[in-house]
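Working notes, beginning with the structure itself.
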Amino acid sequence: MHLRHWQRSPALFKLGIGRQHHSGIRQNVPSPDSSEQTDPQQPTSSPGSVTVEAGTLSVNGDWLLSHYRSLASLASSMSPRDMSKLSIDLSGLTRIDTAGASQLATLIGPERLLEAASADSELPRETSALIAAVCEAMKNQPETDRRAPSLVWSFVTGTGQKVESIFRLLWILVGFIGQTLGTLAWNLPRPWRWRMTPFVAAVHDTGLNALPIVALLTFLVGAVVAFLGATVLDDFGATIYTVNLVAFSFLREFGVLLAAILLAGRTASAFTAHIGAMKVNEELDAIRTLGLNPIELLVLPRVMAMMVSLPILTFVGMISGMVGGAMVCALVLDITPTQFMAIVERDIALQHFVVGIVKAPIFAFLIAVIGCLEGFKVAGSAQSVGEHTTSSVVQSIFMVILLDSIAALFFMEMGW
């Protein structure tokens with residue numbers, strides 16, 4: 001039997017060739033996942049092994065698929081570098097098939113095994129040809145290091161992959177923002193293309209329905225801030241400045257930040273789930289087939305609704321937070337609401353309110369864009385919808401806090 005026939009044979013993995021058997025005889029070989037037991041009609045098979053003595057590495061036994069587990073364990077326990085100076089003796093090799101030849105080549109190295117098989121004149125021609133075919137196929141494959149990577153290397157590679165994924169996400173986000181702004185610029189001077197029905201529905205969902213939770217949360221946070229301020233400032237005899245603390249913090253930071261975080265968790269996830277479900281149901285493909293632009297149809301109404309809703313919610317959050325602080329001041333510090341408002345009017349400039357309210361449309365645009373983008377990324381399964389919904393919430397909250405930190409530093413440096 002010639003090598004060309006073996007290469008075309010679909011039963012190549014079950015072809016056992018050895019010194020003690022005629023060529024062309026097939027043996028029933030169990031799968032590598034089965035236990036290493038042979039057919040009772042077959043001769044007793046001993047798993048392949050290697051011995052090192054006097055500078056010679058001797059290959060013994062049967063290197064067959066039926067012993068794949070033990071052979072793979074043997075091959076993984078040694079490295080070709082450990083035997084680079086040893087001579088190879090194949091005289092103890094009894095039977096071999098392609099699975100055993102691949103493990104033997106992994107153990108010794110394809111080049112050295114091919115050299116040893118070619119130099120052994122007593123090796124049957126069929127066995128030598130089989131080893132040569134396997135070694136030639138494995139020589140072109142890159143060598144893999146079976147050693148476990150070090151902790152430092154794993155940390156460095158993992159960090160690099162995370163940084164790369166972050167930059168890739170930012171690049172995609174910037175591209176989607178540009179696409180959204182381009183579509184918005186195209187639609188603004190064309191009122192007949194405005195989709196008022198989905199816009200009004202989105203304003204109702206993102207603004208009116210979120211109003212109670214925003215008001216309640218900011219009220220409670222305002223009360224907590226006032227109580228903590230009163231407790232700390234009491235040691236310095238400056239409890240009157242609790243009013244300034246509450247008003248300053250909510251007008252500049254807490255009002256817009258708390259409202260934006262609530263909408264990031266409530267609305268961005270809803271946008272992602274809605275668009276993701278449409279993609280799973282192939283509704284986005286139907287929209288494109290009809291010649292409609294999904295950005296114009298799905299993204300712009302949501303973005304514009306968020307840019308209208310968040311400033312309103314921010315204003316409500318500012319008022320609710322100050323009401324909560326005023327209640328604590330009245331109960332704990334005996335500062336009446338009239339005195340509270342008089343101090344706010346006297347000490348808190350209008351610019352603090354402007355700084356807080358100006359950030360709201362920017363945060364709203366970013367939250368809506370991230371929520372819609374993650375919806376378009378859904379792969380087509382319920383699991384993907386859940387994963388991207390979580391991702392949209394995390395990304396939105398992170399970007400809101402990051403931009404708020406940058407804006408706070410910028411406005412402080414500018415004296416605003």
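Each value in this text was obtained by applying a stated rule to the coordinates, not by laboratory testing. The model shown is predicted, which means the values in this text are computed figures rather than measured ones. Glycine also receives a Cβ, built like all others from the backbone with ideal geometry; neighbour counts cover every protein chain displayed.
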Any lysines with Cα under 16 Å of the Lys377 Cα? List them, leaving off those in the same chain fewer than 8 positions away.
-> Lys279
Of all DSSP beta bridges in the chain, antiparallel share, percent nearest 5 | 45 percent
What trypsin sites (Lys or Arg not before Pro) in region 83-133 are in a loop by DSSP, with at most 10 other Cβ atoms within 10 Å of the Cβ?
-> Lys85
With the dipole of region 165-413 worked out from charges on the C-beta (+1 for Lys and Arg, -1 for Asp and Glu) around the Cα centre, which of Ala286, Leu313, Pro198 lies farthest toward the positive end?
-> Ala286
Quote the charge dipole size of region 165-413 about the Cα centre in Debye, to the nearest 20; the model charges only the Cβ of Lys and Arg (+1) and of Asp and Glu (-1).
-> 800 debye
Do any chymotrypsin sites (Phe, Trp or Tyr not before Pro) in region 146-247 lie in a DSSP loop with no more than 12 other beta carbon atoms within 10 Å, and if so, which?
-> none
Using the number of other C-beta atoms within 10 angstrom as an exposure proxy, rank Lys139, Lys279, Lys359 with the fewest first.
-> Lys139, Lys279, Lys359
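Calculate the translational D of region 308-416 in whole µm² s⁻¹ from Stokes-Einstein, where the hydrodynamic radius comes from the Kirkwood formula applied to all Cα pairs, the temperature is 4 °C and the viscosity 1.567 mPa s.
D = 78 µm²/s.
What order do you get for Thr98, Thr272, Thr239 when you list them from fewest to most C-beta neighbours inside 10 Å?
Thr239, Thr98, Thr272
So if I place +1 on the C-beta of Lys and Arg and -1 on the C-beta of Asp and Glu, and nothing else carries charge, what would the dipole magnitude of region 251-366 be about its Cα centre? I want it in debye, nearest 20. List each step's numbers first, then the result.
Details: 7 positive and 8 negative charges, 19 e Å.
Approximately 100 debye in magnitude.
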Would you mind counting up the charge near Ile370? Only other residues with Cβ under 14 Å from its Cβ, with Lys and Arg at +1 and Asp and Glu at -1.
-> +2
The lysines whose Cα lies under 29 Å from the Cα of Lys85, excluding any fewer than 8 residues away in the same chain, are Lys139
Roughly what angle does helix 211-233 make with the longest principal axis of the chain, taking Cα atoms, 0 to 90 degrees, to the nearest 10?
-> 80 degrees
Sort Thr314, Thr183, Thr242 so that the residue with the fewest other Cβ atoms within 10 Å of its own Cβ comes first and the one with the most comes last.
-> Thr183, Thr242, Thr314
Can you tell me the alpha carbon radius of gyration of region 165-413 divided by the globular rule-of-thumb value 2.2 N^0.38 Å?
-> 1.15
If you add up the charges near Ile295, with Lys and Arg at +1 and Asp and Glu at -1, over every other residue whose beta carbon is less than 13 angstrom from its beta carbon, what do you get?
-> +3
With everything on Cα atoms, drop me the angle between helix 269-280 and the longest principal axis of the chain, reported from 0 to 90° to the nearest 10.
-> 40 degrees
Rounded to the nearest 10, the angle in degrees between the Cα long axis of helix 68-77 and the longest principal axis of the Cα atoms of the chain comes to 70 degrees
If you place +1 on the Cβ of every Lys and Arg and -1 on the Cβ of every Asp and Glu, how big does the dipole about the Cα centre of the chain come out, in debye to the nearest 20?
-> 980 debye
